[in-house]
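Taking it in order: structure first as C-alpha cells, then the write-up.
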Amino acid sequence: MSNTFHFPVQIYYEDTDFSGLVYHANYLKFFERAREHAIGREKLLHLWDAGIGFVVYKIELTYSEGAKFGDILDIRSTFELDGSYRLNFHQEAWLPDGKKAATKGLIQLVCIDGNGRLVPIPTDSLP
C-alpha cells in the first residue's frame, strides 16, 4: 500500500441537495480530483500523449456521515497495484474532527489504449 495522499475539498452550496448534505454522486467527483492530484498532472499528460488513459472498472462506496455546506473534507487516498492490469485506489472523505471516514470508496482503475483495448498499468505512472 502506498503513502496516504491528502487533498482538501471545500463543500459549496451547489454540492448539496435538498437535505443540505452533499449529494451522494459528488463524492465520486471529489475522489476523481484527489486521484488526479495523487498521480500528477504531468504523468497523466504523458500517458495521454502516449495514447493511454485510466478508466474506472469498478466502484464500491459506503456512506456513513454526510458533509454539509461550508465543510472542508480531507480526501485521503492510497493505492495498490493489483496484478499488471488493475490499480486499486482506497479513498476516504474525512470531516474535520471526524472519528471515522464519512465516506469510503474502493475505485478500481484499468488502462486502455486509443482503441479501447486493455493495456498493462504503466508502473512509471504510479504516484
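Structure values in brief
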read-out	value
Residue list for region 1-27, restricted to those being under 13 Å from Arg76 (Cα atoms) and at pLDDT 95 or above	Thr4, Phe5, His6, Phe7, Pro8, Val9, Tyr27
In region 71-127, the residues that are among the basic types (Lys, Arg) and farther than 19 Å from Leu28 by Cα	Lys99, Arg117
Some residue of region 87-97 being surrounded by 19 or more Cβ atoms within 10 Å (Cβ to Cβ), touching a Leu at 6+ places or on another chain (Cβ under 9 Å) and part of a loop (DSSP other than H, G, I, E, B)	yes
Residues of region 1-27 satisfying the condition of being of a type outside the set (Ser, Thr, Tyr), under 27 Å from Asp82 (Cα atoms) and surrounded by 15 or more Cβ atoms within 10 Å (Cβ to Cβ)	Phe5, Phe7, Asn26
Among the candidates Leu95, Leu45, Leu81, residue that is of a type in the set (A, V, I, L, M, F, W, C) and closer than 22 Å to Glu14 by Cα	Leu95
Pair list, Cβ under 8 Å, 6 or more apart: region 101-115 residue in contact (Cβ under 8 Å) with a residue 12 or more places away in the chain, other residue part of a loop (DSSP other than H, G, I, E, B) and of a type in the set (S, T, N, Q)	Ala101/Ser64; Ala102/Ser64; Thr103/Ser64; Lys104/Ser64
Residues of region 64-86 that turn out to be part of a strand (DSSP E or B) and in contact (Cβ under 8 Å) with a residue 40 or more places away in the chain, as a count	11
Selection within region 85-107 - farther than 26 Å from Gly53 by Cα and either of a type in the set (Gly, Ala, Ser) or within 11 Å of the chain's Cα centre (by Cα) (or both)	Gly98, Ala101, Ala102
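Matching residues to (1) touching a residue at least 12 places away in the same chain (Cβ under 8 Å); (2) closer than 13 Å to Ala67 by Cβ; (3) part of a loop (DSSP other than H, G, I, E, B); (4) not small (Gly, Ala, Ser):
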position: Asn3; (1), (2), (3), (4): yes, no, yes, yes
position: His6; (1), (2), (3), (4): yes, no, no, yes
position: Ser19; (1), (2), (3), (4): yes, yes, yes, no
position: Tyr27; (1), (2), (3), (4): yes, yes, no, yes
position: Arg33; (1), (2), (3), (4): yes, no, no, yes
position: His37; (1), (2), (3), (4): yes, no, no, yes
position: Glu42; (1), (2), (3), (4): no, no, no, yes
position: Trp48; (1), (2), (3), (4): no, no, no, yes
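The values are calculated or read from the model by the stated rules, or taken from the named source; none is laboratory data. This is a predicted model, so every value here is computed, not measured. Using ideal geometry, Cβ is built from the backbone for each residue, glycine included, and neighbour counts are taken over all protein chains shown.
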